[in-house]
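Notes to accompany the following structure.
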Amino acid sequence: MTKYIFVTGGVASSLGKGILAASLSKLLQARGFKVTNQKLDPYINIDSGTLNPYEHGECYVTEDGHEADLDLGHYERFLDIRTHKMNNLTTGRIYKSVIEKERRGDYLGKTVQVIPHITDEIKRNITALGRTGDYDFVIVEIGGTVGDIESLPYIETVRQMKWEHGRDCLCIHLTYVPYLQAAKELKTKPTQHSVRDLQQEGVQPDIIVLRTEHPINDTLRRKVALFCNVDERAVIQSADASSIYRVPLNMQAEHLDEVVLQKTGFDLSRVPTADMTDWNAFLQKLEGATEEVRIALVGKYVQLQDAYKSIHESLSHAAAYNNRRLVLTSLLSDDITAENVADKLQGQQGILVAPGFGQRGMEGKFIALRYAREKNIPCLGICLGMQAMAIEFARNVLGYTDANSVEMDERTTHNVIDMMEDQKTMLNKGGSMRLGAYPCRLNKGSRVYQIYKQEQIVERHRHRYEFNQLYQAEFEANGMHCTGVNPDTGLVEIIELEGHPWYIGVQFHPEYSSTVLHPHPLFVSFVKAAIEQK
Ligand code: GLN
């Protein structure tokens, strides 16, 4: 029987429900269980593809081409699994499907309502994961905060599932315990209120996790247990951690996995303990590194920490495996000029030019890229970053001063990034972006081949435009080699500069597939080159 564990949040947002959910999954997985995570997003967008990164941070892309919430990235990085469209649900998708059914007449004349039609649809999507027979545990994270209008149908679904599945279904509620400096006291009242909100909606949490900046004592634990109607053992403290990757170990020390197993009916003496050896080895490297590696991230959403989440995490995995402490400086590309570029990039050992959409900040990217290219600083361009590499090269090396991408301008004489046939076909089919995993063949003898150590790779995409193959021969003749191409369409996926210590642009997004136990080879190699630089 698949067990369903819901993770809800109260008091405030951004308490780390995603990390908590991923950490619990990690601990259960490390005990030998088959686990997956699902994120339910209460917003009405169909997916996060149309959301500005300032809204909910980066848009994460699954192998099957779903534009997902960034928490799916945490699940993949923690669990070393692949997630799919099924692992993410939004209110928009639920309503769309219910409305389509209504139009088809599936509801046989009934009035279509939130209960039972919307809640049934939510339930069907949650239990679909269990019905695959692939999982012992499905850990379901509900976005937003309890008490929000948007999350009501989801909490109602939890109520129904707890009633239907008995002890095969639990609710973990994550809240915040503020510390009042003046009174020198931790306050549990917001937690009590938030649990009351949940109870009002018919759900009694089984476990309460208290996010706190100060350690919680037994008296306080007892108080929360008593007022919130849970076992004392089921009041778990989640103190601020030095790194998100420490949270699974903190949760293990608090016996979160044990409490979950006991409450779902397992005999603990018959369940293996969690083997966290490899995880610990990574953490030792991550936290033990003393020497630093300095990387600059050039992008246009750098003010928001979550906008390039997967890139940050991939770099931190790569730094750890290179025994270095990552010092990441984010640079807003709009601020980079020919006059200040040397100052801004002073002391940086590697430069990463980020993905993105639209015109803003492009000139700054070209300037940073030219600097990296001419000064032999290791440089990785991702998606728009790779496209910018191609344009900068066409302008400053090939001498096409008007070179551009069709995305940036009206058509110029030299659109080195253009809309290809492939894209036109996609537009005709109603899609507008190349999304999800595509194969790529690497040239033997190239640097990327040395890095990946295989000829055929698969990487995830999210873009509209492509390197214009009309320019391929000319680029190659001048030292910019197209060393990775799509074997079916010939589309250029990788460019790399000859005679430079490390200058590689990739049309795909390697950052989506770096995990704690399998850091992405491209990032590992990039960071290594940066270290060797100076
Ligand atoms: N805007 C570019 C395109 O659509 C690049 C997209 C990206 O960086 N993800 O092709």
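Where a number appears in this text, it was derived from the coordinates with a stated rule and is not lab data. None of these values were measured; they are calculated from a predicted model. Backbone-built Cβ (ideal geometry, glycine too); neighbour counts: all protein chains shown.
At R0 = 45 Å, how high is the FRET efficiency between ASN478 and GLN303 if r is their beta carbon distance? Nearest 0.05 is fine. It comes out at approximately 0.80. For the chain, the Stokes-Einstein estimate of translational diffusion at 10 °C and a viscosity of 1.306 mPa s comes to 64 µm²/s, using the Kirkwood hydrodynamic radius over alpha-carbon pairs.
For the range 349-421, which trypsin sites (Lys or Arg not before Pro) pass both filters: DSSP loop (anything but H, G, I, E, B) and at most 15 other C-beta atoms within 10 Å?
Values: sites: ARG360, LYS365, ARG370, ARG373, LYS375, ARG395, ARG411; in loops: ARG360, LYS375, ARG411.
Sites meeting the loop and neighbour criteria: ARG360, LYS375, ARG411.
Please report, in debye to the nearest 20, how large the charge dipole of the chain is about its Cα centre when each Lys and Arg carries +1 at its beta carbon and each Asp and Glu carries -1 there.
On the way: 59 positive and 69 negative charges, 204 e Å.
Computed about the Cα centre, the dipole is about 980 debye.
Database remark: amide H of GLU493 closer than 5 angstrom to the amide H of GLY484, VAL485, ASN486 (H placed geometrically; neighbours at sequence offset of 5 or more, or on other chains; Pro and chain starts carry no H).
Taking the mean number of other Cβ atoms within 10 Å as a proxy for protection, how do you rank 83-93, 177-187 from highest to lowest? Mind dumping the intermediate values first?
Working: 83-93: 20.3, 177-187: 12.1.
Output ranking for 83-93, 177-187: 83-93, 177-187.
For the pair the range 85-132 / the range 297-366, the C-alpha centres are spaced 41 Å from each other. For the chain, the longest principal axis of the C-alpha atoms and the axis of helix 309-321 are separated by about 80°. The lysines within cross-link reach of LYS39, meaning a Cα-to-Cα straight distance under 24 Å and a gap of 8 or more places when in the same chain, are LYS3, LYS17, LYS26, LYS85, LYS96, LYS101, LYS123, LYS162, LYS263, LYS309. Size descriptors for the range 205-316: radius of gyration and Dmax over Cα atoms are 18.4, 53 Å.
Calculated translational diffusion coefficient of the range 380-534 (4 °C, 1.567 mPa s; Stokes-Einstein with Kirkwood radius over alpha-carbon pairs) equals 81 µm²/s.
Taking N as the residue count of the range 79-214, its C-alpha radius of gyration divided by 2.2 N^0.38 Å amounts to 1.26. Compared with the dominant Cα axis of the chain, that is its longest principal axis, helix 521-533 is turned about 60°.
With a cut-off of 11 Å between beta carbons, the residues surrounding HIS165 carry a summed charge of +2, where Lys and Arg count +1 and Asp and Glu -1.
Taking a sphere under 11 Å around the Cβ of GLU392 and counting the other residues whose Cβ falls inside, with K and R at +1 and D and E at -1, yields a net charge of +2. Helix 91-104 and the longest principal axis of the C-alpha atoms of the chain enclose an angle of approximately 80°. Note: the range 1-133, Cα convex hull, 135 Å³ per residue. A viscosity of 1.002 mPa s and a temperature of 20 °C, combined with the Kirkwood radius over C-alpha pairs in the Stokes-Einstein formula, give the range 143-233 a diffusion coefficient of 153 µm²/s.
Would you mind computing Rg(Cα) / (2.2 N^0.38 Å) for the range 255-350, counting N as its residues? Working shown, then result.
Working: Rg = 20.3 Å, N = 96, 2.2 N^0.38 = 12.5 Å.
Cα Rg divided by the expected 2.2 N^0.38 Å: 1.63.
Each residue, THR277 and GLN469, gets one label point 7 Å from its Cα in the Cβ direction; the gap between the two is 4.8 nm.
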